[in-house]
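Structure first, commentary second.
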Amino acid sequence: MVGRDSGVTWVYGLVDMQSFYASVEAASRPEFAGHRREDDDKTDPLLIVAGDPERRSGIVLAATPPAKAAGLSTAMNLGEALRMCPKAVVVKPRMRLYLETSVRIHYTIRQMFPIHEPFSVDEAFFALPYPSALFPDPIAASRRLKETIWDLFRIRCRVGLAPNKWMAKMANRAAKKEPSGVVWWTEKDVSSRLHSLSVYEMWGLKRRAEILNREFGATTIGDVAAIPEWRLRRRFGVWGTIIHRWSHGLDDSPIDPNAFAAPNKGFSHRITLPRDFSEREDIAVVILELLDEVCARLRSVRQKGRRVGLSLTYARFEGGFSRTKTLGRAFNAAEDFYPHVIQLLDRWWDGSGVRAVSVGVDLLEPEWDTMQLSLFKDVAKRRRLSEVYDQVRARFGETSIMRAASLLPAGQLRDRSQKIGGHFM
């Protein structure tokens, strides 16, 4: 990990790719590539990446700047998007291509900024000492990075620079509105630029922003900064201190080059359904398939979990719930979690059409070689069955052994096996 060394001033940066999936598609297609210019995103095609163009189903995953200017947005239903913009070019997602491009871009960033942390498929943090012989001008170094990524990949990116990672994220948002695509904030910009932003623009808050607005009357980040820390802690617990520090432009998070290698705190799997599911039996089939996936991952790292969670997102991706249940023992078999997840479904689902389902397990602990026996279950036999199940699927694919339920119309396993990250390869 890299933090602040004594006697050295560090500038932190966040670089993110513009409309990453859509940009990769535009850059990789000869009919579009020759017309695009780095300094003019209006030269991009009117293109969207979405579920299944042939069936006009699914949601918009990414859109080029001209498509966004036409009113299209991510998570919009594809049918609605095409009614709004019938001339849009719709392409199916190619996750393998996006992931391969992401790996190459992260490698490029690391070559230019050795102190580097992958943050997501299209974002990365970096840090540089300033001033230094290698980085005499952070703005110029960031522009070289932008030019290099465009030259190699024909993808535009924006860079936010600041005294810490959280401020770099906020500066990156400001960079999206700057023609140069690079913004450098210092401590002096906390009161003049950060505090004037809406509380809803405060990165990392999610639903807490609504609470700050409704219960504390905060409309700007400056309003949040004026709230005493003790009041924030009384309402949000330890998060109160984090919010207080962020509102003052403070963050001690270090750059961690091995962030993706950190131990798992839990496992989850989410699927967006091809249509709204309204029948309990259909939703239960999807839940069982997701539990099988999560538990196989638990067993692969020899871990068990004591808390299971269920999240449903309703039709049009509006509303839903997320609930968990802590169990008395840790498990890593779907059969042990399934009754508890169904209880969550029956208690919290209001009968609305369901468009996305997520299942997760956390509160992990090691799976020891010893096992707790039961008078009512052949635990040893079930463990051997799980081992054989995992070995066969690892060698021959996840559809080589399926539950009979996955053959029902509600089953998603066969379709999902052709995808990466929930999208077609």
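The values are calculated or read from the model by the stated rules, or taken from the named source; none is laboratory data. Everything quoted here is computed from the prediction, not taken from an experiment. Here the Cβ is made from the backbone with ideal geometry for all residues, glycine too, and neighbour counts use every protein chain on show. These accessible areas exclude ligands, DNA and RNA; they are computed on the full protein's heavy atoms, side chains included. Shrake-Rupley method; radii C 1.70, N 1.55, O 1.52, S 1.80 Å.
Scan the stretch 317-331 and give yes if some residue there is touching a Gly at 6+ places or on another chain (Cβ under 9 Å) and among the acidic types (Asp, Glu), otherwise no.
No.
Rundown of residues vs (1) over 21 Å from Cys157 (Cβ atoms); (2) open to solvent by less than 10 Å² (accessible area, probe 1.4 Å); (3) part of a helix (DSSP H, G or I), yes/no style:
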{"residue": "Val15", "(1), (2), (3)": "no, yes, no"}
{"residue": "Tyr21", "(1), (2), (3)": "no, no, yes"}
{"residue": "Ala26", "(1), (2), (3)": "no, yes, yes"}
{"residue": "Lys42", "(1), (2), (3)": "no, no, yes"}
{"residue": "Ala50", "(1), (2), (3)": "yes, yes, no"}
{"residue": "Pro66", "(1), (2), (3)": "no, no, yes"}
{"residue": "Ala75", "(1), (2), (3)": "yes, no, no"}
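Restricting the first residue to the stretch 180-209 and requiring it to be in the same structural domain as Ile221 (by the TED database) and farther than 26 Å from Ile139 by Cα, which pairs with a second residue that is part of a loop (DSSP other than H, G, I, E, B) and hydrophobic (A, V, I, L, M, F, W, C) meet a Cβ separation below 7 Å and a spacing of at least six or different chains?
Short answer, once both residue conditions are applied: Val199/Ala218; Ala209/Met202.
Restricting to the stretch 128-154, give me the number of residues that are among the polar types (S, T, N, Q) and either closer than 11 Å to Thr108 by Cα or surrounded by 17 or more Cβ atoms within 10 Å (Cβ to Cβ) (or both).
2
Can you tell me which of (1) open to solvent by less than 50 Å² (accessible area, probe 1.4 Å); (2) assigned to a strand (DSSP E or B) is the one Phe119 doesn't meet?
Only one criterion is unmet by Phe119, namely (1).
Have a look at Arg297, Arg316, Arg280 and point out the one that is under 23 Å from Leu413 (Cβ atoms) and under 23 Å from the mean Cα position of the chain (by Cα).
It is Arg297.
I'm trying to understand the selection: among the residues of the stretch 321-342, which are over 18 Å from Glu279 (Cβ atoms) and part of a helix (DSSP H, G or I)?
The answer is Ala334, Glu335, Asp336, Phe337, Pro339, His340.
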